[in-house]
Amino acid sequence: MKKFSFFLFLIAFSATIVKAQTFYNTNTLQKIEITFSQSNWDYILDTAKAGKDGYLMAQLVKINGTSFDSAGVKFKGGSSYNVNNAKNPFHIELDYLKNQDYQGYKDIKLSNGFKDPSMVREVLAYNILSKYMPASLSNYCQLYVNGVYIGLYANSEAVTKSFVNSRYYSKDNAFFFMDNFNCPLKYNGPDSANYTNYTMKSVAGWKALINLCDTLNNQPSFIESILDVDRSLWMMGFDNVTVNLDSYIGAPTHNYYMYRDDNGRFNPIVWDVNEVFGNFTNAGGGPPLTLPQEQTMSPYLHITDPNWPLISKLFADPMFKRMYIAHMRTIVNENFANGSYTTTAYNLQTVIDTALQSDINKLYSMAQFSTNVNSNVTAGPSTIPGLISLMGPRVSYLQTSTDFTLTPPTISSPSAATTPSLNSAVTITANVTNANSNGVYLGYRFAVTQRFKRIQMFDDGLNNDGAASDNVYGATFTMSASSAQYYIYAENNNAGMFSPERAEYEFHTLVGVQTASVGQVYINEVLADNVGDVVDEAFQYEDWIEFYNTSSVPLELSGLYLTDDYSAPTKFPFPQNTIIQPNNFLIVWADSDPSTASYVHANFKLSAGGERLMLSTGAGVVLDSITFGPQTPDKSIARCPDGVGTFSANATPTFKMSNCAIGVNELKGNENNLRIYPNPANNYFVVRTNSNNEYLVVYNTLGEEIWKTKFSKELTVTTSGWEPGIYFVSTQNSVKKLVITH
């Protein structure tokens, strides 16, 4: 008798946003301890900052008790760095010499609270921005160097290849950092030597960036094909509302990234918001702004200035201009008009209060810390606006400005008339009032990796929209996947409105085939060292992962993601129309090969030395996850019963078959190829097949292999000595239940 050993350690995940984890939890202070072998580490880092800005290797970096050696450390920052500071900003690179990470994060960026007595600007700003576009996570940490407490820092997620991979599902496309002054996306000719202010973070990409600049400046009617205009409008709306002038919209035209996704469109990513809420006053084109000027700064700053083409060219399109104001209105209403920003700010101050009191290197006093959310603080020659001092009057100004007081359309009851089937025509309707008859649009797509396609909706009685002119608009498209994502945009001559208001970042979902959710689909079996088990369509011995549907209905897996890297939870998006049948199996080959019509192929491979796998949603809800150690060739880890049982190691692989046929519908295989009689059996049973050289394996209900042999066409098996009960008789392609009675 052989019994499988149990060794698998299962990682328990709650149904929460994956990227948040604990390292960027805003309610918890992180603790980072750096140990240098050099006692004059501060001098060395200052010297490096003045020179080539190189890293100093730390003897040890400890994050919340987890230790890393050989990490690189350097000072970072421009105006926030000063050689005389005892508390300078830090950049820690955990993978400086080794491939190592903390909760999937390799680069750690720490800000010192420069020009922010409140200590909430950076964390609060990222908190707001993340509602509308991909943005860095941000919270706080206490930093110690060589055992000495340096102080409290803002801890913001670095924009790296891991960042774009987790948000845009790729990492090797054109990627630029606009960190230097003067990165306005003006067209300076075809030679990349004329774009030296732009820092390329990818292997290649100059041609794509120059094409972006050329199209934006010279052919703006084609800009949507190579720029995510919606994300650009959100970025500029956020910068304008919050008077974040150390950005694209201010004099420097910097502090943002551009990443080109697999749809060929550049996506803007905001960076370095420590001077948000009026702390940087140079808007460009004149002297620094006074506080009253910041409070009343026009939503259309630089609208006619060719030196800011992302503003002047986009806002020249009336639709984009109305979309921009709609986004600004949403930001104002959801964060400032309702006062929620002050609640968040004071909550953040409560979290950090004690840590800041013991920070002897803090740049401002505790009195200034307590005051600056509400009131201005004078520090040397500068006056730092209070958040409420700035945003109270600014919100009043914006809400009474001409464009904000124009009445936009109203949108209600967006829905589909019926639950669509695959490849059927589906009509989306919505009640829309106060819109131009030709000003209502539907944006739709079938996967988060796609761009939205925008089509016009009609109220003419000819588009499944009811009667003509009844304020019900309709548009029809083909449901080419099991689910779709959509939003509605409507405008009149003056103003626009989205449904949902955070579109395109948020959207409505239309489900045909039900998308798998928690408790329905599980990782069922994994073969991570396939030497001679089964081959894929290319006749290659590739590793594979088997999933099991425990429900009684077909389930769609597109919209879900599989990864072997928890820092990139959306590493592999399941293709459209990946459907797993009820109480059945689906195989994913882990071979980095393109998918075919027969099977799904993931964009990563498994390691025989040990791996971790996670199945999750685009919103970060974890459906299943496992971690396993070194594997034996041609032995799998497998659940028994399927989907719900505990994993066993060194199992005989059962590719797309039941692991033990317990608690599920039995895999019958070819009904004519395996016959067992008598059944129930007493002292013997006979097995018949149509095949030669069959392997016969018998399992008990614990999944234990109790008997096996090789035979051709017919075999009599003696069962004397076997305990009465249920057994499972398995050949290569079939499984049958056998009952033994004595």
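The values are calculated or read from the model by the stated rules, or taken from the named source; none is laboratory data. Since we're looking at a predicted model, the values are computed, not measured. Using ideal geometry, Cβ is built from the backbone for each residue, glycine included, and neighbour counts are taken over all protein chains shown.
Details
- Residue, nearest to Ala651 (Cα to Cα), within the stretch 526-565, restricted to residues that are among the aromatic types (Phe, Trp, Tyr) and surrounded by fewer than 23 Cβ atoms within 10 Å (Cβ to Cβ): Tyr541
- Test: residue in the stretch 94-106 that is within 22 Å of Glu506 (Cα to Cα), of a type in the set (Lys, Arg) and not in a strand (DSSP E or B): no
- Filtering the stretch 552-564 to residues that are modelled with pLDDT under 90 and either among the polar types (S, T, N, Q) or in a loop (DSSP other than H, G, I, E, B) (or both) leaves Ser552, Val553, Pro554, Ser558, Gly559.
- Given (1) in the same structural domain as Asn240 (by TED's automatic domain parsing); (2) touching a strand residue (DSSP E or B) at 6+ places or on another chain (Cβ under 7 Å), index of the condition Ala355 fails: (1)
- The residue of the stretch 615-650 that is farthest from Thr550 (Cα to Cα), among those that are touching a Phe, Trp or Tyr at 6+ places or on another chain (Cβ under 6 Å) and not polar (S, T, N, Q), is Ala649.
- Leading residue by the ranking (surrounded by the most Cβ atoms within 10 Å (Cβ to Cβ)) among those in the stretch 237-279 that are acidic (Asp, Glu) and assigned to a loop (DSSP other than H, G, I, E, B): Glu275
- Boolean, Gly278 is among the small types (Gly, Ala, Ser) and in contact with a helix residue (DSSP H, G or I) (Cβ under 9 Å, 6 or more places away or on another chain): yes
- Of residues in the stretch 52-67 being within 21 Å of Ser39 (Cβ to Cβ) and of a type outside the set (A, V, I, L, M), the one surrounded by the fewest Cβ atoms within 10 Å (Cβ to Cβ): Ser67
- When restricted to residues that are more than 25 Å from Ile303 (Cα to Cα) and part of a strand (DSSP E or B), the stretch 166-208 contains 3.
- Residues in the stretch 701-716 that are farther than 23 Å from Asp533 by Cα and either surrounded by 15 or more Cβ atoms within 10 Å (Cβ to Cβ) or modelled with pLDDT under 75 (or both): Thr701, Leu702, Leu715.
- For the criterion of being touching a Leu at 6+ places or on another chain (Cβ under 9 Å), assigned to a loop (DSSP other than H, G, I, E, B) and touching a residue at least 12 places away in the same chain (Cβ under 8 Å), Pro306 fails.
- Subset of the stretch 578-616 [over 17 Å from Gly643 (Cα atoms), in a loop (DSSP other than H, G, I, E, B) and either outside the structural domain of Val526 (by TED's automatic domain parsing) or more than 21 Å from the chain's Cα centre (by Cα) (or both)]: Asp593, Pro594, Ser595, Thr596, Ala597, Ser598, Tyr599, Leu606, Ser607, Ala608, Gly609, Gly610
- Residues that are surrounded by 16 or more Cβ atoms within 10 Å (Cβ to Cβ) and over 31 Å from the mean Cα position of the chain (by Cα) were ranked within the stretch 83-98; the one that is modelled with the highest pLDDT is Lys87.
- Scanning the stretch 479-510 for residues that are in a strand (DSSP E or B) and under 21 Å from the mean Cα position of the chain (by Cα) yields Ser483, Ala484, Gln485, Tyr486, Tyr487, His508, Thr509, Leu510.
- All positions within the stretch 271-285 that are more than 33 Å from the chain's Cα centre (by Cα) and at positive phi: Gly284, Gly285
- Here the stretch 717-734 is the region considered, the condition is being in a strand (DSSP E or B) and modelled with pLDDT of 80 or more, and the residue that is farthest from the chain's Cα centre (by Cα) is Thr718.
- Here the condition is being under 26 Å from Gly278 (Cβ atoms) and hydroxyl-bearing (Ser, Thr, Tyr); of Ser202, Ser170, Ser192, Ser138, it holds for Ser138 alone.
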